[in-house]
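Trainee: I am attaching a structure below and will ask some questions about it afterwards.
The values are calculated or read from the model by the stated rules, or taken from the named source; none is laboratory data. Everything quoted here is computed from the prediction, not taken from an experiment. Note that each Cβ is placed from the backbone with ideal geometry, even for glycine, and that neighbours are counted across all protein chains shown. Areas reflect the complete protein model, heavy atoms only, side chains present, ligands, DNA and RNA absent. Shrake-Rupley method; radii C 1.70, N 1.55, O 1.52, S 1.80 Å.
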Amino acid sequence: MDINRANMQALFTGYNRIFMDAFQSYVDTTYAQFVGEVNAGTNQIDMPMLEQLTGMREWQDVRQIKNLKSEKLTIKARYFEDTVGVKREDVEDDQYGLYNSLFQTMAMNAANLPNDITNELLAAAGSAKWLDGAAFFGTSRKYGKETISNRGTAALSYESFNTAYDTMRTYKGHGGKPLGVKPNLLLHGPSLRTVVADVIKAPFRAVKVDDAAVTMPNPNANLVTPIEVDGITNSDWFLLDARKPFKPIIMFMRKRPNRLIRLDREEDENVFMNRQFIYGTDGRAEVAFAMPHLIYYADVA
């Protein structure tokens, strides 16, 4: 193919169509079940956290205003990119079709960016900090006088699941009023697939009564929805309440990597010096844990 603007425009149009089609086909919205997305026109956002989270009260005297605490959850977008180089001689020799799969892979990576950074956050949950500088997951956090214990160490089992579930159900806010937390999602890694099936999917469970095995209904059957997450390693697991306006995780999507950009003019340095046409995509995003009472983490050694 002759290297001229008309042909290079046609080549870019073709690559861009491959990228766009692949991007749409590889979009995975699994993360959207427990991640709340926020958009803004700046490089970082400062999310105000409500000091009180306990709902409406009986109006007996004057209104009690729910003030915003001075501490704010700051999320600064990180930069991400993916780039493909196409040799000039491959275009000249009509071998440009060899790069189609690379553009499809680039699109797949771009479409999966939200899942990837969410997986990364979950994988590093043990070292996560909250807006007050303290560990996000712990056993002694206070909402006023109430304790929010959202970290355990027990491997997933019928008993440990019940402990985590019951703990979250009893959370209270600053005024001592129940927060109404009701977990609906269980996040786990691939290694716990069969354990999850036994704990929360099986309709019956075997128990021992006077040393005899007895089959009884499983009260946890389908109580929560399991989601297998690649970023959760070993035997760690999370229990979440993702039913509320605030999701357990917040994603700041400043720029979605959903389009192709190019450096393919003959006067571009990469072409002039290296005989290479460059195509790429880029985005800006970040994720952070939101409210401690909405997510419980079992850090299994």
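Trainee: Taking the options L179, L192, L185, name whichever one is touching a Leu at 6+ places or on another chain (Cβ under 7 Å) and farther than 28 Å from E146 by Cα.
Mentor: None of the others qualify; the one that does is L192.
Trainee: I've got another one for you. Could you check, for segment 186-196, whether at least one of its residues is open to solvent by 40 Å² or more (accessible area, probe 1.4 Å) and among the aliphatic types (A, V, I, L, M)? Give the steps one after another, and end with the answer.
Mentor: Filtering segment 186-196 down to residues open to solvent by 40 Å² or more (accessible area, probe 1.4 Å) leaves 190-191, 193-195.
In the following step, the residues that additionally are among the aliphatic types (A, V, I, L, M) were identified as 195.
Taking every residue of segment 186-196 in turn, at least one turns out to be open to solvent by 40 Å² or more (accessible area, probe 1.4 Å) and among the aliphatic types (A, V, I, L, M).
Trainee: Restricting to segment 168-180, give me the number of residues that are open to solvent by 40 Å² or more (accessible area, probe 1.4 Å) and of a type in the set (S, T, Y). Spell out the reasoning first.
Mentor: Let us first name the residues in segment 168-180 that are open to solvent by 40 Å² or more (accessible area, probe 1.4 Å), namely 169-170, 172, 174-175, 177-178.
Those still in the list that are of a type in the set (S, T, Y) too: 170.
Selection size over segment 168-180: 1.
Trainee: Could I ask something else about it? In segment 255-301, which residue that is closer than 30 Å to L185 by Cβ and small (G, A, S) is nearest to the chain's Cα centre (by Cα)? Before you say what the answer is, go through the steps one by one.
Mentor: Residues of segment 255-301 closer than 30 Å to L185 by Cβ: 255-258, 283-301.
Those still in the list that are small (G, A, S) too: 283, 285, 288, 290, 298, 301.
Numbers: G283: 16, A285: 11, A288: 9, A290: 11, A298: 17, A301: 23 Å.
Only one residue fits best here, namely A288.
Trainee: Working only within segment 105-131, note down all residues that are touching a residue at least 12 places away in the same chain (Cβ under 8 Å) and surrounded by fewer than 12 Cβ atoms within 10 Å (Cβ to Cβ).
Mentor: Residue satisfying the conditions is E120 alone.
Trainee: Can you tell me how many residues in segment 229-255 are in contact with a His (Cβ under 7 Å, 6 or more places away or on another chain) and at pLDDT 95 or above?
Mentor: Count: 1.
Trainee: Report, ordered by the first and then the second residue, all pairs with beta carbons closer than 8 Å, sequence separation of six or more or different chains, a first member in segment 272-290 that is closer than 30 Å to G133 by Cα, and a second member that is among the small types (G, A, S).
Mentor: Final answer for the pair search is G283/A110; R284/A77; A285/A77; E286/A77; F289/A125; F289/A128; A290/G36.
Trainee: Somewhere in segment 57-76, is a residue among the β-branched types (V, I, T), touching a helix residue (DSSP H, G or I) at 6+ places or on another chain (Cβ under 9 Å) and at pLDDT below 95?
Mentor: The initial filter retains those residues of segment 57-76 that are among the β-branched types (V, I, T), namely 62, 65, 74-75.
From the residues that got through so far, the ones that are touching a helix residue (DSSP H, G or I) at 6+ places or on another chain (Cβ under 9 Å) too are none.
Within segment 57-76, none of the residues are among the β-branched types (V, I, T), touching a helix residue (DSSP H, G or I) at 6+ places or on another chain (Cβ under 9 Å) and at pLDDT below 95.
Trainee: With respect to the numbered conditions (1) assigned to a helix (DSSP H, G or I); (2) within 24 Å of I261 (Cα to Cα); (3) at pLDDT below 95; (4) not β-branched (V, I, T), which one is the sole condition not fulfilled by M20?
Mentor: (3)
Trainee: Any chance segment 223-242 includes a residue that's over 23 Å from A125 (Cα atoms), open to solvent by 10 Å² or more (accessible area, probe 1.4 Å) and not basic (K, R)? Working first, answer last.
Mentor: Step one: of segment 223-242, the residues over 23 Å from A125 (Cα atoms) are 223.
From the residues that got through so far, the ones that are open to solvent by 10 Å² or more (accessible area, probe 1.4 Å) too are 223.
With the extra rule that they be not basic (K, R), the set shrinks to 223.
Yes, that holds for at least one residue.
Trainee: Then there's this: Of everything in segment 26-42, what is loosely packed, with under 12 Cβ neighbours inside 10 Å and either touching a Cys at 6+ places or on another chain (Cβ under 8 Å) or within 21 Å of I261 (Cβ to Cβ) (or both)? Give them in sequence order.
Mentor: N39, G41, listed by residue number.
Trainee: Next question, about the same structure. Conditions first: (1) of a type outside the set (A, V, I, L, M); (2) surrounded by 19 or more Cβ atoms within 10 Å (Cβ to Cβ); (3) touching a Gly at 6+ places or on another chain (Cβ under 7 Å). P183 passes all but one, so which condition is the exception?
Mentor: Among (1) of a type outside the set (A, V, I, L, M); (2) surrounded by 19 or more Cβ atoms within 10 Å (Cβ to Cβ); (3) touching a Gly at 6+ places or on another chain (Cβ under 7 Å), P183 violates only (3).
Trainee: What are the residue pairs meeting all of these: first residue in segment 156-172, first residue at negative phi, second residue open to solvent by 40 Å² or more (accessible area, probe 1.4 Å) and among the β-branched types (V, I, T), Cβ atoms under 8 Å, and 6 or more apart or on different chains?
Mentor: Final answer for the pair search is L156/V195; S157/V195.
Trainee: Restricting attention to segment 242-255, does a residue exist that is free of Cβ contacts under 8 Å to residues at least 24 places away in the same chain and either in a strand (DSSP E or B) or among the β-branched types (V, I, T) (or both)?
Mentor: There is no residue in segment 242-255 that is free of Cβ contacts under 8 Å to residues at least 24 places away in the same chain and either in a strand (DSSP E or B) or among the β-branched types (V, I, T) (or both).
Trainee: Also: Suppose we filter R141, R151 for residues that are open to solvent by less than 70 Å² (accessible area, probe 1.4 Å), at pLDDT 95 or above and in contact with a Ser or Thr (Cβ under 8 Å, 6 or more places away or on another chain); which single one remains?
Mentor: Working: R141 fails: at pLDDT 95 or above.
Step by step, each of R141, R151 is checked, and only R151 is open to solvent by less than 70 Å² (accessible area, probe 1.4 Å), at pLDDT 95 or above and in contact with a Ser or Thr (Cβ under 8 Å, 6 or more places away or on another chain).
Trainee: Further question on the same structure: So, R254, is that one under 25 Å from A110 (Cα atoms) and in contact with a strand residue (DSSP E or B) (Cβ under 6 Å, 6 or more places away or on another chain) or not? Write out each step before concluding.
Mentor: On the way: under 25 Å from A110 (Cα atoms): yes; in contact with a strand residue (DSSP E or B) (Cβ under 6 Å, 6 or more places away or on another chain): yes.
Taking the combined requirement at face value, the residue satisfies it.
Trainee: What's the total number of residues in segment 87-111 that are at pLDDT below 95 and not in a helix (DSSP H, G or I)?
Mentor: 3
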